[in-house]
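What follows is one structure encoded as structure tokens, with my remarks underneath.
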């Protein structure tokens, strides 16, 4: 009998069920929220003012934001490019035409790629 088959015999008798999952979750690394400089905040404000203004076209932007982790504080920084439907300052979100929503508080960088 191989070692794998032999070990499989005793797996139903594991003393701590869920222990491996807990150890793996505790060891998973997440990023923390970066604090923005005044220049970065001003740049984001300018871009948000431009894309939220009343105009006939729409903007395609690239945004870098912190996607919050569902189990721990912090998250992972991601990039997203898409066409902006609107900037909802009341709810604090950028809403894209494909339904994606990004919290303004999680936004760290934004760049206007195209005006349509």
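Look through the stretch 49-79, keep the residues that are over 19 Å from the mean Cα position of the chain (by Cα) and in contact (Cβ under 8 Å) with a residue 12 or more places away in the chain, and return whichever of them is surrounded by the fewest Cβ atoms within 10 Å (Cβ to Cβ).
Within the stretch 49-79, the subset over 19 Å from the mean Cα position of the chain (by Cα) is 49-59.
Narrowing the set further to residues that are in contact (Cβ under 8 Å) with a residue 12 or more places away in the chain leaves 50-52, 57-59.
Values: 50: 15, 51: 19, 52: 15, 57: 7, 58: 16, 59: 20.
Taking the candidates together, the pick is 57.
Among strands (runs of 3 or more DSSP E) lying entirely in the stretch 68-107, which contain 3 or more residues that are touching a helix residue (DSSP H, G or I) at 6+ places or on another chain (Cβ under 9 Å)?
Result: 75-88.
Suppose we keep only residues that are under 20 Å from residue 40 (Cα atoms) and at pLDDT below 95 within the stretch 80-92. Which one would you say is surrounded by the fewest Cβ atoms within 10 Å (Cβ to Cβ)?
Kept after step one, since they are under 20 Å from residue 40 (Cα atoms), are these residues of the stretch 80-92: 80-81, 87, 89, 92.
Retained after the next criterion (residues that are at pLDDT below 95): 87, 89, 92.
Working: 87: 20, 89: 11, 92: 14.
In this case the residue turns out to be 89.
Condition (residue is at pLDDT 70 or above and surrounded by 15 or more Cβ atoms within 10 Å (Cβ to Cβ)) applied to the stretch 2-24: is it met by at least one residue?
The answer is no; no qualifying residue exists.
Does residue 38 satisfy the criteria of being out of contact with any helix residue (DSSP H, G or I) (no Cβ under 6 Å at 6 or more places or on another chain), surrounded by 10 or more Cβ atoms within 10 Å (Cβ to Cβ) and modelled with pLDDT of 70 or more?
Considered against the rule, which asks whether it is out of contact with any helix residue (DSSP H, G or I) (no Cβ under 6 Å at 6 or more places or on another chain), surrounded by 10 or more Cβ atoms within 10 Å (Cβ to Cβ) and modelled with pLDDT of 70 or more, residue 38 comes out as no.
The values are calculated or read from the model by the stated rules, or taken from the named source; none is laboratory data. Predicted, not measured: the structure shown is a model, and the values here were computed from it. Virtual Cβ from ideal backbone geometry, glycine too; neighbours counted across all protein chains shown.
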